Amino acid sequence: MTQADLVIRGGKVVAPDSVIEASVAIKDGLILAVGADSAMPPTKQTLDASGMHILPGAIDVHVHFRDPGYPHKEDFASGTIAAAFGGVTTVFDMPNTIPPVGTPELLAAKHRMAADKAHVDFGLYALLGEDTIQHATEFAKTAIGFKLYMGNTFGAIPTPDTGAMLEAFEVVAPTGKRVSLHAETNSIMVRRELRMREAGRIDPLAHIASRPAVVAVEAVSRAAILSEWTGCRVHILHISSAEELRPLREAKARGVDITGETCPQYLFLSTDDYARFGGVIRVNPPVRERRNQEPLFAALADGTVDLVATDHAPHSVEEKTRNDIWTVDCGFPGVETQMPMMLTEVAAGRYSVSDYVRWSAASPAKIWGLYPRKGVIQPGSEADIAVVDLDREWTIDDARLQSLSKITPFHGRRVQGLPVHTLVRGRFVMKDRVLQPGTRGHGRSVHAIQQMPAAAPKNTDNTMSAIVGAGSPAGREHAA
Ligand code: NCD
Ligand code: ZN
């Protein structure tokens, strides 16, 4: 019988449709067997997981690790260490760095940097903007997907107009990759913010007043139409309002390949928290009225919203505590607190731990073509595992975060559920809440295992390639 490298004994293995008492054997980074302990092969090493739940590591499809460009906020090492402490085994990192990931050379450089520093696996987004459409086919060879900013946010990335978005979607569709959208309409927000500033408003609530939910509803609706027209797969990032759910639901019902995420800040915070947290709570899209929370939970339950991500957006204490809200940097860290916060609701009986792994691991793996290689604990899958104590109660303390960013509106929150060990491809990165030596550089890019077949073309009349000739670089040259 083959000898395993590690057998995890005595825990409960969680899948989207089951929780079973089982042991897990791991060899060469892959799951070798899941089943009765008596059926496990001989092993070099054993981990006693009695009383613990064994979850597929979370796949966080929305993090900002700030590398290169903002080493005081985060870098790829600190960000991936924070991920490991949060039970997150794969992250997809956003391109709003300095410089932004807007050329194939910069994407290649970021892959080298991340491979050198990462403690967990990663995918890298390429920036899809008016000036980068011509690189889309090249980007698609190594990027996990694309990021398109419909609205301005941290990093002042220009927002493509609707014409550029349509061209971009036409070029991306045949690559099969998904375009992740910051779906807030810039032109609405620019005017609103100007009116707020003219009125002398610098308080935290002026931020949400400048970005009412209609900015997201309009953006999601428009993106869905362009996705439907071109066949380009899209993902709606950080859904913050109940109103966005209608265009998302309707597009899904029409067969559009559109997916959505929400984040703990929209499920657990509300406008009631602005007074207490001030600028710390400033994030894009904004934390909204409490009435949005229940519909967002319901949308996760019925599958309208596919998954939970964090939008981990670290900044320094100074950058988060300025008096004038317009000068406060947007976002806060989340990669370490997502799993405990979401599992607290499992303890409260709001949903099951199986539901949770569907949103945190299985769905993201499926949506980005990594399943069943990742996102599930079954023979043949990569052994990306969070061993979690679902009973453990503790209090989030931002001073103790692994992230370089020590400030979050989740500070002081009582939670139940703690990742105790995290394994990435069979290797302990975090064990007994201690970072394991030698794990820097263990993380690798998942693009090599990604399977995303070309999207089916929808409308073939008058496409950009029909107008300018197949293979012509659509984008600036043509638009000019
Ligand atoms: C993000 C950041 O800081 O990079 N900030 C935020 O408020 N969410 C940008 C983003 O995700 O929009
Ligand atoms: Zn983001």
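The values are calculated or read from the model by the stated rules, or taken from the named source; none is laboratory data. Fair warning: this is a prediction, and the values are worked out from it, not measured in the lab. A quick note on method: Cβ atoms are made from the backbone with ideal geometry, for glycine too, and the neighbour counts reach across all protein chains shown. Ligands, DNA and RNA are stripped out before the accessible areas are found, and what is left, the full protein with its side chains, is counted by its heavy atoms. Shrake-Rupley method; radii C 1.70, N 1.55, O 1.52, S 1.80 Å.
Please state the charge dipole magnitude for the chain, taken about the Cα centre, from unit charges on C-beta atoms (+1 on K and R, -1 on D and E), reported in debye and rounded to the nearest 20.
300 debye
Based on the mean of other Cβ atoms within 10 Å per residue, sort peptides 304-317, 349-362 so the most packed one is first.
By packing density, highest mean first, the sequence is 304-317, 349-362.
Applying the Karplus parametrisation 6.51 cos²θ - 1.76 cosθ + 1.60 with θ = phi - 60° to the phi angles of the range 59-72, what ³J(HN,Hα) value in whole Hz is obtained for each residue in order, glycine and proline being reported as x?
Values, residue by residue: 10, 9, 7, 8, 10, 10, 8, 6, 10, x, x, 9, x, 6 Hz.
Check the straight Cα-Cα distances from K147 and name the lysines below 29 Å, setting aside those fewer than 8 residues away within the same chain.
Straight-line reach from K147, under 29 Å: K73, K110, K117, K177, K252, K320, K366, K374, K406, K458.
Can you give the charge dipole size of the range 192-238 about its Cα centre, rounded to the nearest 20 debye, using +1 on the beta carbon of Lys and Arg and -1 on the beta carbon of Asp and Glu?
The calculated dipole for the range 192-238 is roughly 60 debye.
To test your reading of the geometry: what angle, between 0 and 90 degrees and rounded to tens, separates the Cα axis of helix 186-198 from the longest principal axis of the chain?
Taking Cα atoms only, the helix is inclined about 80 degrees.
Pairing the Cα long axis of helix 214-230 with the longest principal axis of the chain, what angle in degrees results, from 0 to 90 and rounded to the nearest 10?
Rounded to the nearest ten degrees, it is 90.
Treating only the Cβ atoms of Lys and Arg (+1) and Asp and Glu (-1) as charged, compute the dipole magnitude of the range 6-48 about its Cα centre; round to the nearest 20 debye.
So the dipole magnitude of the range 6-48 works out to roughly 140 debye.
How much accessible area does W326 have with a 1.4 Å probe, in Å² rounded to the nearest 10?
It works out to around 30 Å².
Given H placed on each backbone N at 1.01 Å, which residues far from A4 in sequence or on other chains put an amide H within less than 5 Å of it?
T43, K44
Loop-only trypsin sites (Lys or Arg not before Pro) in the range 118-226, please: DSSP not H, G, I, E or B, and at most 15 other Cβ atoms within 10 Å.
Answer in residue order: K141.
Under a cut-off of 14 Å between alpha-carbon atoms, report the aspartates and glutamates in cross-link reach of K44, not counting same-chain residues fewer than 8 places apart.
D5, D28
Considering just Cα atoms, how many Å³ per residue does the convex hull of the chain enclose?
132 Å³
Along its principal axes, what span do the Cα atoms of the range 87-243 show, with the longest given first and each in whole Å?
48, 37, 30
With a 1.4 Å probe and every protein chain kept in, tell me what percent of the accessible surface of the range 6-48 is carbon plus sulfur.
50 percent
Spin-label point model (7 Å from Cα, Cβ direction): what's the E105 to K141 distance in nm?
In this crude label model, E105 to K141 measures out at 1.6 nm.
What fraction, in whole percent, of alpha-carbon pairs in the range 129-210 exceed 18 Å separation?
49 percent
If you take the charge dipole of the chain about its Cα centre, with +1 on Lys and Arg Cβ and -1 on Asp and Glu Cβ, which of A456, G255, F139 is farthest toward its positive end?
About the Cα centre, the residue reaching furthest to the positive side is F139.
How large is Rg over Rh for the range 252-301, taking Rg from the Cα atoms and Rh as the Kirkwood inverse mean of 1/r across Cα pairs?
1.08
From the phi angles alone, apply the Karplus equation (6.51, -1.76, 1.60; θ = phi - 60°) to the range 244-259 and give each ³J(HN,Hα) in whole Hz, x where the residue is Gly or Pro.
5, 5, 5, x, 5, 4, 5, 5, 4, 5, 7, x, 5, 7, 10, 10
Given R₀ = 56 Å, FRET efficiency for A39-W229 by Cβ-Cβ distance, to 0.05?
After rounding to 0.05, the efficiency reads 0.60.
Quick one: length gained pulling A156 to D397 fully straight, 0.36 nm per residue minus the C-alpha distance?
Stretched out fully, the A156 to D397 stretch lengthens by 83.7 nm.
At 7 Å along Cα-to-Cβ for each site, give me the label-to-label distance between A253 and R197 in nm.
For A253 paired with R197, the spin-label model returns 4.1 nm.
Please report the base-10 log of the normalised intensity I(q)/I(0) for the range 6-48, using a Debye sum with one equal scatterer per alpha carbon and no solvent, at each q in 0.17, 0.34 (1/Å).
Values, matching the q order: -0.41, -1.27.
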